[in-house]
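What follows is one structure encoded as structure tokens, with my remarks underneath.
Read-outs throughout are calculated quantities, based only on the coordinates presented, and are distinct from any laboratory measurement. What you see is a predicted model; the values in this text were computed from it and never measured. Note that each Cβ is placed from the backbone with ideal geometry, even for glycine, and that neighbours are counted across all protein chains shown.
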Amino acid sequence: MRGCVTEIARELGMNCSHEYYTVDAILYHERDDGNFRNPRCAYAKYISVAIEIENNCTDAHVEMNKLQLLNAPLTVLIT
């Protein structure tokens, strides 16, 4: 699934980061290089899309709760 998310980000002209804090993936346009200078870490200026993937649908409520913590215009839960 990670490859699919990365490919979607590429098609949209965005960057992708997997395991951003506890969220499975985020899509963003710009990194915040002014405040965070570590080139190996992706600190997004603004999260455009947050994605959570849950294989066990009985735990989907936990993943939805994580998505509610982010201020992103699009949050996606894949079960």
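In Å, what Rg and Dmax follow from the Cα atoms of the stretch 12-57?
Reported Rg and Dmax, both Å: 11.6, 40.
Give the peptides 19-26, 7-14, 35-42 in descending order of average Cβ contacts within 10 Å, highest first.
The most tightly packed comes first, giving 19-26, 7-14, 35-42.
Using Cβ counts within 10 Å as a stand-in for footprinting exposure, how do Tyr43, Tyr28 rank, fewest first?
Tyr43, Tyr28
Along the positive direction of the dipole of the stretch 2-78 (beta-carbon charges: Lys, Arg +1; Asp, Glu -1; about the Cα centre), which of Ala25, Tyr46, Leu67 reaches farthest?
Among Ala25, Tyr46, Leu67, the one farthest towards the positive end of the dipole of the stretch 2-78 is Tyr46.
Grab the DSSP H runs of the chain that are 4 residues or longer, score each as -39,500 (n - 2.57), total them, divide by all residues and round the 222 nm result to the nearest 500 deg cm²/dmol. Mind showing how you got there, number by number?
Numbers: 2 runs with 20 residues, N = 79.
Here the helix-only value at 222 nm equals -7500 deg cm²/dmol.
Could you give me D for the chain, from Stokes-Einstein at 4 °C and 1.567 mPa s, where the hydrodynamic radius is the Kirkwood radius over C-alpha pairs? Units µm² s⁻¹, please.
After rounding, the answer is 100 µm²/s.
Helix 2-12: angle to the longest alpha-carbon principal axis of the chain, degrees 0 to 90, nearest 10?
With both axes taken from Cα atoms, the answer is about 50 degrees.
Given an 8 Å cut-off on Cα distances and at least 6 residues of separation, report the relative contact order of the chain as a percent.
Over the chain, the number comes to 24 percent.
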